[in-house]
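Notes follow the structure.
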Amino acid sequence: MDGSAVESTDAWRLSPERRRHRRGGWLTVVLTLAVGVTSFVLYRDYRITLGYEQVLPGQLPYLALAVATAVVFGLLALFVNLAYRDALQREQAERWQVEEARRRLDRAEDAADKRGPMDLTVLWMVTQRRLDYYHALATSQAERSFHQAQRTVAVGFAVLVIAVVVVAFTGSLVVTITAAAVGVVGAALAALLGRSFLRTQEATAERLRLYFEQPFAFSRQLSAERLLILLEAEDRAAAVRDLIRAIMTLPLAPVEPVKRGRHSSAPE
């Protein structure tokens, strides 16, 4: 395990996200016990035994059913808790990467202040650190927007399913109309929020594409610079001027316009 992985693991152990996960674990245990006790009371009061009274005496049928209910609930809660832990670890890792990029940028800026603002090596290093920091921010925001869109769509679908179930099994006209209205509004709101998050993720992905195009453009410039030695001395000066002019006029964004569509994030 390298140093970066060790630092990331230590950061997770000391992070507030891990404390939140531990609180969620204790809450899962408490809820499981509460479900078991509540199930035992309900089974006993309503005489629900599922035929176990023929093989188990006294209160044991209710206790067995309560334990089974608590185990099923505990397993479901465990799966939810594991998914919650993965989400917290992903959130903490993204935050740690952004903070690490920010620390590297601060160190590079401190070095630039000490060595002078006209040092080309230091300026190059500061620029690269700023690009890395922006890349970490953009990546974190894109992933967060994508996961939030997924959660929003899931919540909207769950609201719609619950409304359909309520409408199907409820005989009251008022309850049916209310549930149907809540389901439609909830699904529409979830769709709107999900689309907004996806548009944010789409815009960030476009910025990341431009970021990853820079090494390719720089490699082409280095290749042109290496080929200058093959030119004659009288042609080299003109070639150098053309190379500098091409670098200075290189566009920072795609020349072709972005096509606007229903799912496009291009500004109007």
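Okay, here's what the table says:
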read-out: FRET efficiency, 1/(1 + (r/R0)^6) with R0 45 Å, evaluated for Val80 and Glu53 via beta carbons; value: 0.85
read-out: Extension gain (nm, one decimal) between Arg195 and Leu173, 0.36 nm per residue minus Cα-Cα; value: 4.6 nm
read-out: Cβ-based net charge around Arg151, under 15 Å, with every Lys or Arg adding one and every Asp or Glu removing one; value: 0
read-out: Estimated FRET transfer efficiency (Val30, His147; beta-carbon r; R0 35 Å; 0.05); value: 0.80
read-out: Förster radius 30 Å - calculated FRET efficiency between Arg13 and Phe157, Cβ distance, rounded to 0.05; value: 0.25
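None of the figures in this text is laboratory data; all of them are computed from the coordinates on show. This is a predicted model, so every value here is computed, not measured. As a convention, Cβ positions derive from the backbone with ideal geometry for all residues, glycine included, and neighbour counts pool all protein chains shown.
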